[in-house]
Amino acid sequence: MKDLLNRYQKNSLRIALLGFEKNLRRALEWLDGYEENGILYSRKLNHPEKNGKQARQEIKTALDMIEKLSRKFDLRKEDSDAASMLRGDLTISWANLLDTRANKLGRYGKVNPELASNLDSDIQNLAGIALQLSALLGESKQEKP
């Protein structure tokens, strides 16, 4: 079956199945009672239990099919370092934080003259922490023997 797909088609199939598998596994976590409770948000899955049982069965069926297709088309499992994902997310947070300084918020309307002195240094500190964490995570892989 390896010959049915060229390398670009194989890569496309792998990416689609990988994305679906990640969504299925995240759904299982939520169905198993996973909750997030942050400072500015909380999130949990509210669903009827009868739907949860059916959803778990559908997820199992889909995961079995993904496994079958990955074997059939010799789709390799790739290891990835979560640090690279975190570094990317933290870099995006750094940029987003800098975009909330008083002078940048002017694009949403007139800025109160006192805003910069009440907001900008804290935002600058948070952005610095995001950048520092990104750098620290970047070093973690390099320091391993």
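Structure above, values below:
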read-out	value
Mean separation of Cα contacts under 8 Å, 6 or more apart, over the residue count of segment 2-72: relative contact order %	32
In degrees, nearest ten, helix 7-31 long axis to first principal axis of the chain (Cα)	70
Ordering of 54-60, 79-85 by burial proxy (mean other Cβ atoms within 10 Å per residue, highest first)	54-60, 79-85
Shape of segment 34-145, Cα gyration tensor, a/c cut at 1.5	oblate
Normalised contact order of segment 23-145, rounded percent, pairs of Cα under 8 Å and 6 or more residues apart	22
Cα shape, segment 1-90, gyration tensor, a/c 1.5 rule	oblate
In degrees, nearest ten, helix 49-72 long axis to first principal axis of the chain (Cα)	70
Relative contact order for segment 85-145, counting Cα pairs under 8 Å that sit 6 or more residues apart, in percent	50
Proximal charge balance of Lys44 [Cβ under 9 Å; K/R count +1, D/E count -1]	-1
Separation of the Lys10 and Lys50 label points, Cα + 7 Å toward Cβ, nm	4.7
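Computed from the coordinates by the stated procedures, all read-outs in this text should not be read as laboratory data. Just so we're clear, the structure is a prediction, and the values are computed from it rather than from any experiment. Because the Cβ atoms are built from the backbone with ideal geometry, glycine has one as well, and the counts that use them run over all protein chains shown.
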